[in-house]
Amino acid sequence: MPLVYVTRRMHFSAGHRLHAESLDEETNRGIYGACNNPLGHGHNYDLEVTVAGEPDPVTGMVMDIKKLKDLIQKEVIDPMDHKFLNVEVPFLTRQVPTAENIVVAIWRVLQDKLSGVTLYRLKLYETERNIVEYYGA
């Protein structure tokens, strides 16, 4: 059977402050600039979750896309949407919530919750021009 990749794109809005606790204020401002604003700033994120698998011979689907949507909604979107990532999202509170760290954290949340398919790729659009991809480690 052929290996097919299925992607679901979803959206959430969240605020964060890029600030490493291990660095002093001046160093943080130098590294993160305006993104180090003590009151934070926000983004309208788009997240693409891609799974890989073989189409079922009966249904023709790799995975029920509604089940994938519901899983992403419950495990990622609901906990993150309209939240301050540094404080309100448990799986992000101990790290600088850069797009890179966010996408790795989301991977960790989703990877063991899928059955019958393999989590292949996450693509996170922080802005129209700032995009990160993660394929697992």
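The values are calculated or read from the model by the stated rules, or taken from the named source; none is laboratory data. Computed from a predicted structure; not experimentally measured. Reconstructed Cβ throughout: ideal geometry from the backbone, glycine too, with neighbour counts over all protein chains shown. In case anyone asks, the SASA skips ligands and DNA or RNA and just uses the protein heavy atoms, side chains included. Shrake-Rupley method; radii C 1.70, N 1.55, O 1.52, S 1.80 Å.
Looking only at segment 59-99, which residues are surrounded by fewer than 14 Cβ atoms within 10 Å (Cβ to Cβ), under 16 Å from L110 (Cα atoms) and touching a strand residue (DSSP E or B) at 6+ places or on another chain (Cβ under 7 Å)?
Across segment 59-99, the qualifying residue is only I65.
All but one of (1) crowded, with 16+ Cβ neighbours inside 10 Å; (2) over 14 Å from the mean Cα position of the chain (by Cα); (3) closer than 17 Å to M10 by Cα hold for Y32; state the number of the condition that does not hold.
(3)
Inspect segment 98-118 for any residue being at positive phi, outside any strand (DSSP E or B) and at pLDDT 95 or above and give the result as yes or no.
The answer is no, given that none of the residues of segment 98-118 is at positive phi, outside any strand (DSSP E or B) and at pLDDT 95 or above.
From the list D78, D70, D56, D46, exactly one residue is assigned to a strand (DSSP E or B), at negative phi and out of contact with any Asp or Glu (no Cβ under 7 Å at 6 or more places or on another chain). Which is it?
D46
How do the pairs read when you match residues in segment 10-35 that are within 19 Å of P90 (Cα to Cα) with residues anywhere that are surrounded by 11 or more Cβ atoms within 10 Å (Cβ to Cβ) and acidic (D, E), using Cβ under 6 Å and keeping only pairs 6 or more apart or on different chains?
Between residues of segment 10-35 that are within 19 Å of P90 (Cα to Cα) and residues that are surrounded by 11 or more Cβ atoms within 10 Å (Cβ to Cβ) and acidic (D, E), the close pairs are F12/D81.
Of all residues in segment 35-55, which are charged (D, E, K, R) and either touching a Phe, Trp or Tyr at 6+ places or on another chain (Cβ under 6 Å) or open to solvent by 40 Å² or more (accessible area, probe 1.4 Å) (or both)?
Scanning segment 35-55 gives D46, E54.
Going through segment 81-97 one residue at a time, which ones are of a type outside the set (A, V, I, L, M, F, W, C), part of a helix (DSSP H, G or I) and in contact (Cβ under 8 Å) with a residue 24 or more places away in the chain?
Scanning segment 81-97 gives a single hit, N86.
Of all residues in segment 100-130, how many are open to solvent by 70 Å² or more (accessible area, probe 1.4 Å) and in contact (Cβ under 8 Å) with a residue 12 or more places away in the chain?
Of the residues in that region, 8 qualify.
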